[in-house]
1. Do we find a residue being assigned to a helix (DSSP H, G or I) and at pLDDT below 90 anywhere in the stretch 74-88?
2. Which one is nearest to Tyr35 (Cα to Cα), of the residues in the stretch 57-73 that are crowded, with 20+ Cβ neighbours inside 10 Å and among the small types (Gly, Ala, Ser)?
3. Within the stretch 1-10, how many residues are at pLDDT below 95 and not in a helix (DSSP H, G or I)?
4. Identify, please: which residue in the stretch 74-123 is exposed (fewer than 12 other Cβ atoms within 10 Å of the Cβ) and hydroxyl-bearing (Ser, Thr, Tyr) and is, among those, nearest to Gln6 (Cα to Cα)?
Amino acid sequence: MDFLNQVNKTNVTPELSGEALRLHSGMPPERRNSYEARMFELFRFLDDKGLKRQKRELAMAIDFRLTALARLNGDKALSGWTLPGSEPGQDFIHENLLKAAALEPVVEDEYRQAAFNAESFQRRVLAFSKAEGNA
């Protein structure tokens, strides 16, 4: 997947991911599930942040990383690091998950979808928590 090489080379800060996640969660569910709608909103968001020159790479990297994070959450690999939100699919997540998602390599899973290796991701989250003195 050539996209993965670009995604893994693109620096996405945890703060930018968090802002994009809040943007995403504020979208109506029918738009949130549309790749085109998510990308449209991400492009506008990145334009507003003055990141026009990098928006294509950043939007793709953000979307792949947040999708991989959501898939881990859906697989219950993030138990203990999330709290249920008021709507399905809108869980509150610990900030260390965004830190890990910013650094963890995105891989292709057996369905040829963007994913994180669950064990590696969990170790990374625990390392952040240990360094901060909270787990």
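1. Yes, because at least one residue in the stretch 74-88 is assigned to a helix (DSSP H, G or I) and at pLDDT below 90.
2. Ala59
3. Selection size over the stretch 1-10: 1.
4. Tyr111
The values are calculated or read from the model by the stated rules, or taken from the named source; none is laboratory data. Quantities reported herein were computed from a predicted structural model and do not represent experimental measurements. Please note: Cβ atoms are built from the backbone with ideal geometry, for glycine as well, and neighbour counts cover all protein chains shown.
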